[in-house]
1. Using the Cα gyration tensor of the range 132-241, with a ≥ b ≥ c the square roots of its eigenvalues, what is the shape: rounded (a/c below 1.5), prolate (a/b larger than b/c) or oblate (neither)?
2. Grab the other residues whose beta carbon is less than 15 angstrom from that of L194, score K and R as +1, D and E as -1, and report the net.
3. R0 = 41 Å: FRET efficiency of S16 with E257, Cβ-based, nearest 0.05?
4. Run the paramagnetic zone check for L217: 7 angstrom along Cα to Cβ, then residues of the range 113-157 with backbone nitrogen under 17 Å.
5. Which FRET efficiency value, to the nearest 0.05, do you get for I286 and E113 by plugging their Cβ-Cβ distance into 1/(1 + (r/R0)^6) with R0 = 56 Å?
6. Which length gain, in nm to one decimal place, applies between D324 and N343 when the Cα-Cα distance is subtracted from 0.36 nm times their residue separation?
7. Please give the net charge around H99, taking every other residue with its beta carbon less than 15 angstrom from that of H99, where Lys and Arg add +1 and Asp and Glu add -1.
8. Per residue, how much accessible area does the chain have with a 1.4 Å probe, in Å²?
Amino acid sequence: MRFEELPTPCYVVDESLLEKNLKILSGVMERTGCRILLAQKAFSMYKMYPLIGKYLSGTASSGLYEAKLGYEEMGKENHCFSPAYREDEIDEIISLSDHIIFNSFSQLEMFGERVRAAGKSVGLRINPECSTQEGHEIYDPCARGSRFGVTIEQFRPELLEGVSGIHFHTLCEQDSDALARTLDAVEEKFGKWLSQMEWINFGGGHHITREGYNIELLEDCIRRFQEKYDLQVYLEPGEAIALNAGFLITTVLDKLENDIEIAILDTSASCHMPDVLEMPYRPPLIGSGEAGEKAYTYRLGGPTCLTGDVIGEYSFDKPLENGDRIVFGDMAIYSMVKNNTFNGMALPTIAVRDKSGDCHIVHKFNYLDFKERLS
Ligand SMILES: *Cc1c(COP(=O)(O)O)cnc(C)c1O
């Protein structure tokens, strides 16, 4: 099927663009010896796991369902971090995972021995209390009062026996200078315990596949820790894996005017791209400009009854017409994984564009995907 023939709304993940990212990431692995995992939170379209698994070392999960998905669909190294594990799930998580990472010493005391008895690796998440991002508290695990990771004040070195690795995750869409600063804080606070570890996990938030990212500095950081402390370094980016590798095709349903020109699309910000409202951010739209930049500016909104279901203002060379198809970019990550059916919205079809340019539908959804979650 051609791209132009896909039904809308439809997410399309492009195999070549995904593979381009994977090659950049596997280059870092080859040059440094680090291991890179897919953080499934950002992208769990498991149809692509065989391709991702060709390049990366495995998957990172945040609980039972993701651990199970990574195990079933990629079947490589599987690492799990959860803010708190449940008694009724931990044994299954242990059986599916290679590394189980605890967020506190109390969780470590509760479950650590079971992990070791199963021959799996125990990790501890630390909080280096080094904020490197401004303005987005909800994406800053080092923000005041954060629930993530053990701070140096709460650290209990007497309980480290049997702990094989240290994990931190403090970045969000950042370059390697922020990692370098974070590593300084990690060393300053926790350095004396690093040599007794086997591995360290630098978490995610590394925007490695973004144009202009400083890969050399990332590789210096990795090598420094591997050599100085004799550690296996892991990274678990989510965004970087499928950054700019997917699209969301949508159709203009109607146009109206209220001081400004408005177009109603068959896709919703709140249901199909909630990060537009939560992050918030403005998704790229192919062939468009900023408001006022091109001749015809529209506020693009969704078909739900939420007033704030607005994607943003975009301008075009020609007026939009009902039935026009427009294509948002960067719609692979944090999109499908966050979908919901609020207000009875249908879920977008999921498709793949293969290397020859051919498009294939992977999954179509229907009324029951809405109904079955509600009673
Ligand atoms: C969200 C998350 C990641 C992935 O973050 P990205 O910003 O998508 O790279 C990795 N590890 C942990 C623990 C996370 O919570």
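The values are calculated or read from the model by the stated rules, or taken from the named source; none is laboratory data. Keep in mind that this is a model prediction, so the values were computed, not measured. Note that we place each Cβ from the backbone using ideal geometry, even for glycine, and neighbour counts take in every protein chain shown. The protein model used for the area step is the full one, side chains on, heavy atoms only, and it has no ligands, DNA or RNA in it. Shrake-Rupley method; radii C 1.70, N 1.55, O 1.52, S 1.80 Å.
1. oblate
2. After counting each charged neighbour, the total is 0.
3. FRET efficiency, S16 to E257: 0.50.
4. 130-134
5. 0.55
6. Full extension of this stretch gives 4.4 nm more.
7. Once positives and negatives cancel, what remains is +1.
8. 45 Å²
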